[in-house]
1. For the range 17-101, list the helices (runs of 4 or more DSSP H) that sit wholly inside it and hold at least 3 residues that are open to solvent by 40 Å² or more (accessible area, probe 1.4 Å); which are they?
2. Only one residue in Asp386, Asp373 is more than 30 Å from Gly257 (Cα to Cα) and out of contact with any Phe, Trp or Tyr (no Cβ under 9 Å at 6 or more places or on another chain). Which one?
3. Assuming Asp479 fulfils every condition listed in (1) assigned to a loop (DSSP other than H, G, I, E, B); (2) away from the ligand (no atom under 16 Å from the Cβ); (3) closer than 27 Å to Arg345 by Cβ apart from one, which condition is it?
4. Only one of these conditions is not met by Pro302: (1) at pLDDT below 95; (2) within 11 Å of the ligand (Cβ to nearest atom). Which number is it?
5. If Ser389 satisfies every condition in (1) open to solvent by less than 20 Å² (accessible area, probe 1.4 Å); (2) in a helix (DSSP H, G or I) but one, which is the exception?
6. Would you be able to tell me the number of residues in the range 513-528 that are within 14 Å of the ligand (Cβ to nearest atom) and touching a Leu at 6+ places or on another chain (Cβ under 7 Å)?
7. Quick check on this structure: which one of Ser502, Ser557 is hydroxyl-bearing (Ser, Thr, Tyr), surrounded by fewer than 22 Cβ atoms within 10 Å (Cβ to Cβ) and farther than 30 Å from Asp19 by Cα?
8. In the range 284-299, which residue that is surrounded by fewer than 24 Cβ atoms within 10 Å (Cβ to Cβ) and within 13 Å of the ligand (Cβ to nearest atom) is nearest to the chain's Cα centre (by Cα)?
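The values are calculated or read from the model by the stated rules, or taken from the named source; none is laboratory data. Everything quoted here is computed from the prediction, not taken from an experiment. Every residue, glycine as well, gets a Cβ built from its backbone with ideal geometry; the counts of neighbours run over all protein chains shown. We work out accessible area using only protein heavy atoms, side chains counted, and drop any ligands, DNA or RNA first. Shrake-Rupley method; radii C 1.70, N 1.55, O 1.52, S 1.80 Å.
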Amino acid sequence: MNAATASASPVSNAPIEVDLLVVGSGAGGLSSAVVAAELGLKVLVVEKESVYGGTSAWSGGWLWIPRNPLAVEAGIVEDIEVPRTYLRNELGEHYDADRVDAFLTHGPRMVDFFRKKTTVQFIDGNLIPDFHGKQPGAATGGRSVCAAPFDARELGAHVKRLRPPLDLIAPWGMGIASGADLRHFMNSLRSWESFRHVTRRVLVHFMDLLLHRRGMRLVNGNALVARLAKSAFDRDVRIWTDSPVRELIVENGKVHGALVSTAFGGAPRGDIEVRARCGVVLAAGGFPHDPKRAQRLFPHAPTGREHWSAAPFSNTGDGLRLGESAGGTVPDTLPAAGAWAPVSRVERKDGSVGHFPHLIERAKPGIIAVRRDGNRFVNEAGSYYDFISALFATTHQGDAAEAWLLCDHRFIRRYGLGRVRPAPFPLGPMLRSGYLKRGDSIEALAHACGIDAAGLAATVAQYNRYAQRGEDPAFGRGDTPYNRINGDAGHQPNPCVAPIESGPYYAVHVLPGSLGTFAGLRTDAAARVLDADGQPIDGLYACGADMSSVMGGRYPSGGITLGPAMTFGYIAAHHAAGVALEGAPASTQGHAMTGSAPHIPHETVAVWRPDESSERRRA
Ligand SMILES: Cc1cc2nc3c(=O)[nH]c(=O)nc-3n(C[C@H](O)[C@H](O)[C@H](O)COP(=O)(O)OP(=O)(O)OC[C@H]3O[C@@H](n4cnc5c(N)ncnc54)[C@H](O)[C@@H]3O)c2cc1C
């Protein structure tokens with residue numbers, strides 16, 4: 001055991017042995033678990049929380065996978081050099097050719113594998129453009145897939161442990177899928193068809209609440225995790241919830257397993273040594289809520305607390321610390337250590353505070369963002385990452401990075417504003433809670449928010465002057481395909497620009513947050529964690545947010561966290577199982593299982609054997 005293990009509390013159970021131990025039950029961890037089980041390994045997933053799914057279960061469920069099979073079937077065929085060019089331009093000096101090639105080569109194969117062999121099915125994102133449409137190699141579509149909706153009843157009793165959708169986004173716990181579903185919700189008071197759709201959805205949801213105490217028609221990231229979990233359970237993968245990993249077992253520089261503290265009903269209670277013959281995959285979701293590392297890596301967070309991530313609070317950087325304890329390293333040179341997104345703080349009825357990520361409404365026509373001086377600072381219709389990057393770049397040293405999203409009455413009733421939902425939802429509760437600020441004039445709104453009133457009045461007047469014609473010469477709202485697809489196609493001539501003129505006026509305070517983190521453990525193209533000399537640490541893999549992002553701290557497109565998370569999970573599983581991946585360099589191919597697996601004396605371990613049905617399936 002490593003030095004850290006020496007101080008561990010006494011282990012109260014006999015050790016158990018598996019082939020692969022996966023730490024964390026988000027998309028990265030579950031992808032590696034399902035693939036490894038399909039390749040014949042005995043897999044155990046351990047999850048710190050009482051629910052499985054992590055941030056992935058709260059996510060939009062979109063994966064950026066250029067050249068994916070769904071695009072190809074629709075006739076969108078790209079040479080690998082085109083997305084490579086885009087990434088070379090986007091990532092600049094942080095472009096890691098080996099890892100990018102592994103991602104671009106195996107991403108489509110990963111999608112193909114899940115579609116053909118598992119319950120994980122996708123819908124296409126063939127109309128979804130990359131974030132930076134003017135960059136060479138950018139696409140206007142065909143590079144994304146999203147989890148297809150899923151009937152949670154297929155999970156049987158396991159549905160009880162599935163993390164529900166993020167309450168701030170999902171009304172009454174009901175996930176709303178991006179695309180047609182969301183459009184119907186936005187138009188429910190405008191079109192009979194949309195009204196019928198929404199009424200049906202809401203009625204079915206309330207029926208599910210009555211019968212099952214949760215929605216059963218899953219969409220987005222909740223559907224992705226449910227589909228992955230179903231595929232895992234079908235292959236006898238166990239998911240132990242309430243089971244945090246405390247330490248890695250490292251012997252002679254090699255990772256042999258981990259010490260897990262478990263309170264899960266289906267496992268021996270207490271501390272238990274889990275020996276993993278083929279390795280450990282770290283997929284514990286990065287460090288969005290680790291103030292110590294945030295203090296080191298987030299320049300805007302001098303105490304580590306000035307960051308408001310929308311990821312679950314249990315993602316506290318355990319995977320990175322575990323990897324470091326075995327010799328892994330985390331870069332501090334990325335342009336951004338987090339996947340920045342503007343968030344607003346929402347106080348719930350029970351007094352807890354949630355972080356609402358502003359992903360959608362910023363591109364709609366008739367909204368702007370301003371700093372405390374009343375000035376705009378960004379094309380608000382751009383990506384969430386670009387929004388916060390611009391806020392950092394234009395905030396004077398010593399000032400807090402903060403902004404206000406501002407609109408008029410017409411806008412808020414039509415599109416909503418952050419946690420404030422559009423009509424017919426009432427504004428009163430959000431006004432009373434202080435989340436939503438209101439003013440009968442722009443100056444009154446400025447006073448309510450503490451924004452410079454003269455500055456704000458001048459900004460709105462200047463914006464309105466051009467907005468009448470659908471123009472935004474200052475920041476170019478509506479200039480890129482990504483801007484326009486998130487705008488309102490029914491609003492012309494520019495789906496992202498309308499004047500702000502029909503008071504009263506409203507604003508919501510937004511702060512620097514994130515959808516997760518980018519800085520993680522350094523790995524090679526086979527997802528093996530590297531030590532300070534750049535050498536792979538035997539038996540240790542990382543994927544998802546525990547792996548330092550293959551995007552090098554940049555955000556070229558939506559889905560660039562889940563796409564690589566599932567792809568490197570797929571790659572790690574192959575390496576651990578000793579199954580060669582076509583096209584991967586020899587140096588990153590796994591060893592054959594026989595011979596290379598660590599010898600573990602069987603008299604000291606209780607071997608967990610797959611049950612009969614899984615033996616039959618493998619036969
Ligand atoms: C609202 C929202 C929308 C998003 N939409 C998208 C999108 O559409 N596309 C996209 O690419 N990205 C999206 N993201 C980001 C994406 O969800 C995350 O980057 C991704 O889910 C991370 O996956 P993961 O498997 O690394 O970690 P997670 O899904 O966070 O899973 C990690 C798990 O590890 C567990 N864990 C932590 N410590 C331990 C321990 N010691 N022992 C055992 N378990 C532990 C955690 O409890 C957690 O359940 C979104 C994020 C948010 C918040």
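1. Hits in the range 17-101: 81-91.
2. Among Asp386, Asp373, only Asp373 is more than 30 Å from Gly257 (Cα to Cα) and out of contact with any Phe, Trp or Tyr (no Cβ under 9 Å at 6 or more places or on another chain).
3. Here Asp479 meets the rest and fails (3).
4. Looking at each condition in turn, Pro302 falls short on (2).
5. (1)
6. Residues that pass the stated criteria total 5.
7. The conditions single out Ser502.
8. Per the stated criteria, the residue is His289.
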